[in-house]
Structures are given as structure tokens and as C-alpha cells.
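The values are calculated or read from the model by the stated rules, or taken from the named source; none is laboratory data. Bear in mind that the values here come from a model prediction, so they are computed numbers and not experimental data. Counting neighbours? That spans all protein chains shown, and the Cβs are built from the backbone with ideal geometry, glycine included. Just the protein is used for accessible areas: all its heavy atoms, side chains included, with ligands, DNA and RNA removed. Shrake-Rupley method; radii C 1.70, N 1.55, O 1.52, S 1.80 Å.
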Amino acid sequence: MKTIAVYCGSRIPNNPIYKEVAIELANYFVDNNIRLVYGGATVGIMGIIADEMIRLNGTVVGVMPKVLTELEILHPNLTELIETEDMHERKKTMMDLADAFIAFPGGCGTMEEIFEVITWSQIGIHTKPYGFLNLDHFYDGIETYLDTATNTGFLSKENRSNIIFESNFDEFMNKLIA
């Protein structure tokens, strides 16, 4: 069974496309026997994806540091919970478990987690695929930043070519798991 880590928001944006595609993602994972590994919460886009996968009898692994489980945002119906000492251990655990990584639109935590995936790839810690699901042009600014970093020489063309940016869900998944 393939495992994909999804980094996403702990809030639900106003635009319904994010909720709709979160549900589509969950359905895709269940239909393709893909195990979800994520932050383990009930809130936001995270909760929507987990709820839909659980409803469909999918496999959902939550990885949550103790400090957040004490805030009682832990999803009660996970297939598996991995409790970590801190955020650093959480990110390492998720990277070890996952075969690929998705940055679904989210906030600063999403950025921090996907950029660590990118950095670890660049320094040779892993060779797993990763990318930004660019719904509603959410990540256009990040894509521009990375293109600028490449054009000025801060990021190699090879490393930039490893970062998937795609707004179409089906195309994104085809590129990610090709």
C-alpha cells in the first residue's frame, strides 16, 4: 500500500473549492488503496480529508506531537495514531512513513513542512516525489519565488524540476505517483 503525506490547513477557507478537492483527494486515496499520513487533527482541511477517508473505510495515520494532543484536537477515529515528543520528530516520522508528499493549500505550518521535504531532497536524504497542489492559484507566489531563486542561481534547475506545481487534481496526482 502506497502512503502519501498531506500537509494542509487547520482551518477551512471561504472558497468551497478547497473543501471539494479535499473530499476528492480522500476519495482518490481510498479508490487507489493509498494510506494517508497527516497531522492527526479533527480541524480544518485536515479534518475534512480524514473524516471522508474514515467514512469510506480508508487507512488514516495521524502523527501528532504531545503538545497538540493535550489541546484535544486529535481525531478520535484514526486507523493509527503515532504520538511524538515534538514537531521535529513528527516531521521526521511523516517523512519516513510517506512515499510521496502533497502540499495542499494551507498556512505557515504547511509551508514549513513541505519546504523541509524539499530541502531534505536537495541534500540527498530522500528521493521521494513532492509537490504543490495549486488550487485556485493559491501557490502562484511560491512558484514565482522558486522560479526566481532558480533564475538567480540560488536553486539548481535540477532541484527546481523536482518540485511539482499543478492546479488540476488529476494531472497533479498523475505527476506525483507516475
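Numbers below:
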| quantity | calculated |
| --- | --- |
| Stokes-Einstein diffusion coefficient of segment 48-131, Kirkwood radius over Cα pairs, 37 °C, 0.692 mPa s, in µm²/s | 236 |
| The chain: calculated mean residue ellipticity at 222 nm from DSSP helix runs of at least 4, using -39500 (n - 2.57) | -13500 deg cm²/dmol |
| Rg/Rh (Cα only; Kirkwood hydrodynamic radius) as it applies to the chain | 0.95 |
| Accessible area expressed per residue, the chain, with surrounding protein chains retained (probe 1.4 Å, Å²) | 49 |
| Residue among Thr148, Thr42, Thr69 with the largest mean-square fluctuation in a Gaussian network model of the chain, springs linking Cα atoms under 10 Å | Thr148 |
| 25 Å Cα-Cα reach of Lys175 towards lysines, excluding residues that sit fewer than 8 places from it in its own chain | Lys2, Lys19, Lys91, Lys92, Lys128, Lys157 |
| For segment 101-132 and segment 1-59, distance of Cα centres in Å | 17 |
| Segment 103-178: chymotrypsin sites (Phe, Trp or Tyr not before Pro) falling in loop per DSSP and having at most 16 other Cβ within 10 Å | Phe154 |
| Share of alpha-carbon pairs per 5 Å distance bin for segment 1-65, given as whole % | 4, 20, 33, 26, 12, 4, 0 |
| Rounded accessible area of Leu176 (nearest 10 Å², 1.4 Å probe) | 10 |
| Accessible area of segment 26-178 belonging to carbon and sulfur atoms, whole % at 1.4 Å probe | 49 |
